[in-house]
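Let me begin by presenting the structure, written as structure tokens, before commenting on it.
The values are calculated or read from the model by the stated rules, or taken from the named source; none is laboratory data. Since this is a predicted model, take the numbers as computed values, not measurements. FYI the Cβ positions are ideal-geometry reconstructions off the backbone, even for glycines, and counts take in every protein chain you see.
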2 protein chains.
Amino acid sequence: MDPIKINGVMRAWGLAKIIVSKKKGFNEGDLVYGLVGFSEFVITNGTGLNKIEVPSGDDIVDVLGVLGLNGLTAYAGLFDVAHGIKKGDRVVGSGAAGATDSIVGQIAKTQGVHIVGIAGSNEKHDVLLNEFNFNVALNYKKDTFKQDFIVATNDGIGIYWDNVGGEILELALEQASNFPNIINWGCIAEYNKSEAPIGIRNYFHIVTKRLTLRGFICSDHYKIFGEARKELSAWLASGQLKAKSAVLTGRMEKAPEALAALF
Amino acid sequence: MDPIKINGVMRAWGLAKIIVSKKKGFNEGDLVYGLVGFSEFVITNGTGLNKIEVPSGDDIVDVLGVLGLNGLTAYAGLFDVAHGIKKGDRVVGSGAAGATDSIVGQIAKTQGVHIVGIAGSNEKHDVLLNEFNFNVALNYKKDTFKQDFIVATNDGIGIYWDNVGGEILELALEQASNFPNIINWGCIAEYNKSEAPIGIRNYFHIVTKRLTLRGFICSDHYKIFGEARKELSAWLASGQLKAKSAVLTGRMEKAPEALAALF
């Protein structure tokens, strides 16, 4: 991806409503999802835009979050990048309270497996345990974290959903079952700290446990988006999946503030 | 795998000839391959032993090397662990002159791709270039190594066959194409230095380049051993694959010396 030029339009996925169209298949009033950028109005030939129907009962905001990039990333990561969720797998997320990561845990939970989430505050733990039905929430800031992690993953780790690396990744490798999957996704929050070294000192586990570590970018997996949206929507409807969105109301002047809030 | 007990029999794959058999399917004079250990004689119920025919034209020693664990590991790693070899892939090996790694390069070469091998002496380079037909041999001990590596991998890296980690792995990530495969195999030479940290400071490439890093142990891939032996044997016969074995002649007293020579 090319860097955005100075004074260029900030790249962003978004939902737009068609005001006027000369293109077949796109009509006034249609909702479209795509890389519309930080713009109030866009003139486009329609390339890369997908028509969206908000599933009945769903909030329009969900199309941007749980049914949008966050939900699609979670779904693609678990079912198209990782080996899928196998009976008895333990799924551990290193930044579990994040917008995508919390969906990963909830999706895994629909498959009846044990979910351990790591997050840095009691408020986040409350959400993970009481709203998202995680089995265990761990706080990486606590002195007892290492011991807590070992106890919580005593039966192994099948999938480790990571955007942290470092010592927690090492600990995860230590506790991993054989044939574990470690999944890294396109985490923009990491870009600004990309120089931080991760040192996998227990490197030999990569071989002895037959690790698969994969990085992925959601958009490569567009072929399963249809299936993913259908499943996500059904889980939303049944209450197995809960959406939490941060909504900032205002015009385009507010957009930089929303971007900064990600970091 | 359990550690070997003090005074226990050293675990080792080997070729044995049956002297006497009460088991159906195993007859006097049959050659069998399996975990026979450091023993001159073994009494066994036959579990895990496979009858072996030395392909006509092949040396019996090849059954232990290029048609044995080394060749099977190379074949399984490229075709069952990595994505296979795609047209235009560049294949780079970090310890290319090793028994298994040199087979990896030669197998990749049969698929018509560009092979870069890293090794630490002129003698090894001579073998890689003139006997094994690698395209480029690089010396990690040279001051110009980094620049040499960048030039040699200017068109990207599709498969990086690694048992080194560290800075060369970082460099490989830097030079990798999109969707690269990094393959780590059961490298006993690494076990004694397992505490050495690898720091992947350019961690973000895992995501942006959609890396797949996999560790594997050859024996998990036994289902393709039949196909692998057939292919390896054909490449040996055609001269596309050359076997180099270190043969130490003597009785069992010599075995510890052979083991130590691996390190």
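Regarding B:Asp148, is this residue crowded, with 18+ Cβ neighbours inside 10 Å, acidic (Asp, Glu) and closer than 18 Å to B:Asn184 by Cα?
Spelling it out, it is not the case that B:Asp148 is crowded, with 18+ Cβ neighbours inside 10 Å, acidic (Asp, Glu) and closer than 18 Å to B:Asn184 by Cα.
Per-residue answers, yes or no, for (1) surrounded by fewer than 17 Cβ atoms within 10 Å (Cβ to Cβ); (2) closer than 28 Å to A:Arg210 by Cα:
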{"residue": "A:Gly77", "(1), (2)": "no, yes"}
{"residue": "A:Lys87", "(1), (2)": "yes, yes"}
{"residue": "A:Gly105", "(1), (2)": "no, yes"}
{"residue": "A:His114", "(1), (2)": "no, yes"}
{"residue": "A:Val127", "(1), (2)": "no, no"}
{"residue": "A:Ala137", "(1), (2)": "no, yes"}
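What are the residues in the stretch A:218-248 that are in a loop (DSSP other than H, G, I, E, B) and at pLDDT 90 or above, if any? I'd like the intermediate steps shown before the answer.
If we filter the stretch A:218-248 for residues that are in a loop (DSSP other than H, G, I, E, B), which is where we start, we get A:239-248.
Answer for the stretch A:218-248, where residues must be in a loop (DSSP other than H, G, I, E, B) and at pLDDT 90 or above: A:Gly239, A:Gln240, A:Leu241, A:Lys242.
Which one of the conditions (1) without any contact (Cβ under 8 Å) to a residue 24 or more places away in the chain; (2) among the aliphatic types (A, V, I, L, M); (3) in a loop (DSSP other than H, G, I, E, B) does A:Leu129 fail to meet, given that it meets all the rest?
Every listed condition holds for A:Leu129 apart from (3).
Evaluate the following for A:Gly186: is it at pLDDT below 70, within 7 Å of another protein chain (Cβ to nearest Cβ) and more than 22 Å from B:Asn163 (Cα to Cα)?
So A:Gly186 passes the test.
Can you pull out the residues in the stretch B:202-257 that are aliphatic (A, V, I, L, M), over 15 Å from the mean Cα position of the chain (by Cα) and crowded, with 19+ Cβ neighbours inside 10 Å?
Within the stretch B:202-257, B:Ile206, B:Val207, B:Leu211, B:Leu213, B:Leu236 meet the criteria.
Among the residues of the stretch B:51-69, is there at least one that is of a type in the set (Gly, Ala, Ser) and at pLDDT 90 or above?
no
Please specify each residue of the stretch A:203-227 satisfying the condition of being among the small types (Gly, Ala, Ser) and either out of contact with any helix residue (DSSP H, G or I) (no Cβ under 6 Å at 6 or more places or on another chain) or more than 7 Å from every other protein chain (Cβ to nearest Cβ) (or both).
A:Ser219, A:Gly226
Is it the case that the stretch A:159-171 has a residue that's away from chain B (no Cβ under 14 Å), assigned to a helix (DSSP H, G or I), modelled with pLDDT of 90 or more and under 24 Å from A:His83 (Cβ atoms)?
yes
I'd like the full set of residues that are basic (Lys, Arg) and under 27 Å from the mean Cα position of the chain (by Cα), limited to the stretch B:6-62.
B:Arg11, B:Lys17, B:Lys51
For the stretch A:18-55, name all the residues that are in contact with a strand residue (DSSP E or B) (Cβ under 9 Å, 6 or more places away or on another chain), of a type in the set (Ser, Thr, Tyr) and without any contact (Cβ under 8 Å) to a residue 40 or more places away in the chain.
A:Tyr33, A:Thr44, A:Thr47
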